[in-house]
Amino acid sequence: MVNTAIVEELRGIVGADYVLTDPADLASYAYDGTFQERRPALVVSPATTAEVVAVVKVAARERLPITARGMGSGLAGASIAGEGGLVLSLTRMNRILEIDQENMMATAQAGVITGDLQNAVAAVGLMYPPDPSSLKHSTLGGNAACGAGGPMCLKYGVTQDYVQALEVVLADGEVLRCGGKNIKDVTGYNLVDLFIGSEGTLGIITELTVKLIPKPAATRTAKAVFPRMDDASAAVNRILLSGVLPSKLEIMDGTTIECVEDYLHCGLPTDAEAILIIETDGDAVNAQREIETAAQVCKDSGASEVQVARDAKEADELWLARRSVSGSLGRARPNKLGEDISVPRSAIPEMVRRIKEIAFRHELRIVVFGHAGDGNLHPNILFDRRDPDELRRVEEAVADIFAAAVELGGTLSGEHGVGTLKLPYLEMAVGPVAMRVMRGIKGALDPLNILNPGKVLPRELHCERA
Amino acid sequence: MTETTRLADLTHDELYLHCIRCGLCLYTCPAYLETLLEPDSPRARIALVRAAAEGRLDYSERFADRIHRCTLCTACEKVCPSGVEVEKLLVEGRADLAEAGLLSPGVRRLTESLAANHNISGEDNSRRLIWTENLPQPPLGAGKAQAKMAYFVGCVSSFFPASYSIPQSMTRLLEAAGEDYALLGEQEQCCGFPLLVSGQEPRAEEMMRHNLERVRALGADTVVASCPSCYHMWKHVYPEVLGELGLRVLHATEWLADALEQGRLKLKPLPGRVTYHDPCDLGRKSGIYDAPRRVLRQVPELELVEMRDHHANALCCGGGGNLESHNPDLSGALAERRVQQAVDTGAQYLVSACQQCKRTMANGLRLLTKKGVKARLRVMDLMELVERQLE
């Protein structure tokens, strides 16, 4: 329980302005990027690792659950505090500490906005590739803690592939520094990777060192319209087999196309089953050759229309439809539940077929778009949460989508994480042995179960551990 | 602000329902950038109004404080993928808070002055032409009964000494260009904007009606305003509330750009670099980005450079939405951030086209300088800069 003495003690640590207890302020930290909502008992916003340590020590002593939060753009409910919990907001820890050009690494505090880091390193000709669509409004710490991805991850890999070192505050307030600037490192267990995607349940990431790459000189973009989803899917495989590795390879299904067209009125073919948007990069000659190859493959694979952008402005126009998906969905219905199942590439057409069937069966509108190149799809269910019957059907549809993904050799989440939304399905996806190992790890690092309890794993760990 | 007459008919639902909480607005919000606390974000303000409307949260002083810590700059609306009308929602929220007796104390003082004096200054409205008193001779438009053009000066420029030079410059420019114009003098009342943004529409409407009658009495076919908020009211809100005006409504920058391009005014060279700050009410809310830049390009030897955030992305100076009345410190901090962007361009002149932006940014410059930032920068209104260059 939070009492006045604890609040005063925390104010002494971070300053009076940075401990919030008023109901209006708690309501402002009750949500993330999902439709879920739960008010924390209090919010603490530290500015340094030392302050995080001191806050964690108080929480450990008082058995107060702590939920770390970045900018609250998560899509799994991971940063929504549990009943009676403390939200630890890390947005004030927003300093880029070093850009090491020689080793091509950057070190930053957890609250640095990913897009800010990208801009800072781009100024010296470097690139930090992970590009979640929230890159302007999510933090590096949050990206690492939730294992964020993005379109460019097909070619360049996910956040995990770029995190080289971490500073983590553990459940007892100890500070762990793991990893380093060495590209190769097998000295002991890989502790850095352990914290990636751990959603604040194993420790609180306060500082990260990430790998950078030279910024490619050029990008080229193409759009291909496919009357049949199967052909689009086959084209994806053929592009990759042709030796072209696009920097982005995005797909929108027919329902997505309809939604975007309803919103933009830009002449999208609403009778098409799929649109692929392809981007290649590298030096100008290479990027051009690759986009032409990819365009030819699309034509040969049944595309009814293929367009290669001649300049940056045209490229931007081709991306407009994909960029507008989110907005078009927000305007179509009040709520959306965005899932991010990941399936083997070959299973994409079958997965889309099953999602259509699930939508029909539950009388829901579900759009599918996502990263075709890596099989990470975003089925988004559109609904109105004020309608209890519709909400029930949404929940049933989610369960069916997860079951279908797992049946096709896929998994629940490619880049959003488990949070609370996918927690009930975790065991179905990973099996009982993996669950036991995960509980063991959780128990070893957080014996008091105060770090974001109820996320990834069920809140009550003890009975299962026995 | 648009469609204010329908505010009462709009349900909260329509205004906030489509917020998908993506968080895209956070990074555009000057107040959030300052504190990095979620309650100072557009997303939180929407969530608060929604929670209150759904009966899940009571109005409180803190609630009211959070709703008033916003400049209504609408930078958030420009990026919102769902098209949530944040300004309209918050204005309605403020109206509800006012009814519940939770109007911000600073804003309450402001509105009390408006009721008593028909201006925001606390001075008697008969002093409207105080800004003309130190001129060698009164402006030609003072006391005129008939004219083609009415120059609507606005409260801040009329009563706050630091802004006197804006109408002084404007009247000299009007005269140099040979315009047949008139000032309303003590007949001018507040345009109604501060009342509207604090949710007090009926009282605003009385003043709007009064001003329109006075302009019609002059037989004018054009109203020109140097204040972007007055301009915005005349251009967009007056016709919605009062019906077709039958008047051409211009912002001073539009008039000036035309006058310069038609060769009606001749300017001396000004060697140097200038950067232009887009006032929210003129840029984002009225779509006037080019006119002031066209004016600056007419000044010989003056180089125009842009700040990091400009046009529709321009960062608010901190002076909007009654924030200065509600929380001067936060307003000042926002101004510092904006002025720093200007300092970063290496410009010698930071020019805006709004007396409130000028006031706020001049204060921001003072605060920055106090902190030891070396800024060789002069904050000016566009009218002042151009008037100084008249041949």
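The values are calculated or read from the model by the stated rules, or taken from the named source; none is laboratory data. What you are looking at is a predicted structure, and each value in this text was computed from that prediction instead of being measured. We place every Cβ from the backbone using ideal geometry, glycine too, and count neighbours over all the protein chains shown. Calculation scope for accessible area: heavy atoms of the full protein, side chains included, ligands and nucleic acids excluded. Shrake-Rupley method; radii C 1.70, N 1.55, O 1.52, S 1.80 Å.
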Review point. If you check A:Pro65, A:Pro46, A:Pro23, which single one turns out to be closer than 24 Å to A:Leu448 by Cβ and within 14 Å of another protein chain (Cβ to nearest Cβ)?
Key: A:Pro46
Practice item. Among the numbered conditions (1) more than 9 Å from chain A (Cβ to nearest Cβ); (2) more than 29 Å from A:Ala47 (Cβ to Cβ); (3) within 23 Å of the chain's Cα centre (by Cα), tell me where B:Val84 comes up short. Key: (1)
Exercise for review: Spot the failing condition for A:Asp374; the list is (1) open to solvent by 50 Å² or more (accessible area, probe 1.4 Å); (2) within 19 Å of the chain's Cα centre (by Cα); (3) modelled with pLDDT of 95 or more, and only one is missed.
Suggested key: (3)
Check your understanding: Of A:Leu170, A:Leu166, A:Leu191, which residue is out of contact with any Pro (no Cβ under 9 Å at 6 or more places or on another chain), more than 20 Å from A:Leu75 (Cα to Cα) and open to solvent by 40 Å² or more (accessible area, probe 1.4 Å)?
Key -> A:Leu191
Review point. Tally time: how many residues in the range B:131-164 are open to solvent by 30 Å² or more (accessible area, probe 1.4 Å) and hydrophobic (A, V, I, L, M, F, W, C)?
Key: 6
Revision key, fill the gap. Among the residues of the range B:40-64, the number that are outside any helix (DSSP H, G or I) and at the interface with chain A (Cβ under 8 Å from one of its Cβ atoms) is 5
Study note, to complete from the structure: Of all helices (runs of 4 or more DSSP H) fully inside the range B:286-391, the set with 1 or more residues that are of a type in the set (Gly, Ala, Ser) is B:290-297, B:323-326, B:328-345, B:355-370
Practice item. For A:Ala347, work out the one condition from (1) over 25 Å from A:Ala332 (Cα atoms); (2) assigned to a helix (DSSP H, G or I); (3) at pLDDT 95 or above it doesn't fulfil. Key: (3)
Review point. When the residues of the range A:71-108 are filtered to those that are in contact with a helix residue (DSSP H, G or I) (Cβ under 8 Å, 6 or more places away or on another chain) and more than 12 Å from every other protein chain (Cβ to nearest Cβ), which remaining residue is surrounded by the most Cβ atoms within 10 Å (Cβ to Cβ)?
Key: A:Ala78
**Study point:** Among the residues listed as A:Glu102, A:Glu62, the single one being at pLDDT 95 or above, on the phi < 0 side of the Ramachandran plot and assigned by TED's automatic domain parsing to the domain that holds A:Leu140
**Key:** A:Glu102
Point to revise | Within the range B:182-283, helices (runs of 4 or more DSSP H) holding 2 or more residues that are open to solvent by less than 20 Å² (accessible area, probe 1.4 Å) | key: B:193-197, B:201-217, B:228-232, B:252-261
Check your understanding: Of the residues that make up the range B:307-328, is at least one open to solvent by 10 Å² or more (accessible area, probe 1.4 Å), touching a strand residue (DSSP E or B) at 6+ places or on another chain (Cβ under 8 Å) and touching a residue at least 24 places away in the same chain (Cβ under 8 Å)?
Key -> yes
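Out of curiosity, is A:Val168 assigned to a strand (DSSP E or B) and of a type in the set (Val, Ile, Thr)?
Taking the combined requirement at face value, the residue satisfies it.
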Check your understanding: When the range B:154-210 is examined, which residues are found to be farther than 22 Å from B:Ala353 by Cα and among the acidic types (Asp, Glu)?
Key -> B:Asp180, B:Glu186, B:Glu201, B:Glu205, B:Glu206
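So, of the residues in the range B:65-81 that are part of a loop (DSSP other than H, G, I, E, B) and within 12 Å of chain A (Cβ to nearest Cβ), which turns out to be nearest to A:Ser328 (Cα to Cα)?
B:Pro81
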Exercise for review: Find all pairs meeting these conditions: Cβ atoms under 8 angstrom apart; at least six residues apart or on different chains; first residue within the range A:151-176 and more than 24 Å from A:Leu276 (Cβ to Cβ) and in contact (Cβ under 8 Å) with a residue 60 or more places away in the chain; second residue outside any strand (DSSP E or B) and hydroxyl-bearing (Ser, Thr, Tyr).
Suggested key: A:Glu167/A:Thr49; A:Val169/A:Thr49; A:Val175/A:Thr49
Practice item. Quickly run through the range B:268-304 and pick out the residues that are under 20 Å from the mean Cα position of the chain (by Cα), over 17 Å from B:Asp381 (Cβ atoms) and touching a residue at least 60 places away in the same chain (Cβ under 8 Å). Key: B:Arg284, B:Lys285
Check your understanding: Only one of A:Asp262, A:Asp311, A:Asp283 is among the acidic types (Asp, Glu), open to solvent by 10 Å² or more (accessible area, probe 1.4 Å) and closer than 28 Å to A:Arg392 by Cβ; which?
Key -> A:Asp262
Study note, to complete from the structure: Reported set for the range A:26-38 where residues are charged (D, E, K, R), facing chain B (nearest Cβ under 9 Å) and either open to solvent by 10 Å² or more (accessible area, probe 1.4 Å) or on the phi > 0 side of the Ramachandran plot (or both) is A:Glu37
Exercise for review: Out of A:Ala359, A:Ala397, A:Ala444, A:Ala405, report the one residue that is outside any loop (DSSP other than H, G, I, E, B), open to solvent by 30 Å² or more (accessible area, probe 1.4 Å) and either on the phi > 0 side of the Ramachandran plot or hydrophobic (A, V, I, L, M, F, W, C) (or both).
Suggested key: A:Ala444
Practice item. Kindly list, by first and then second residue, each pair from a residue in the range B:49-69 that is without any contact (Cβ under 8 Å) to a residue 12 or more places away in the chain to a residue that is among the charged types (D, E, K, R) and crowded, with 20+ Cβ neighbours inside 10 Å, limited to pairs with Cβ atoms under 9 Å and residues at least 6 apart or on different chains. Key: B:Arg56/B:Arg50; B:Leu57/B:Arg50; B:Arg62/A:Asp25
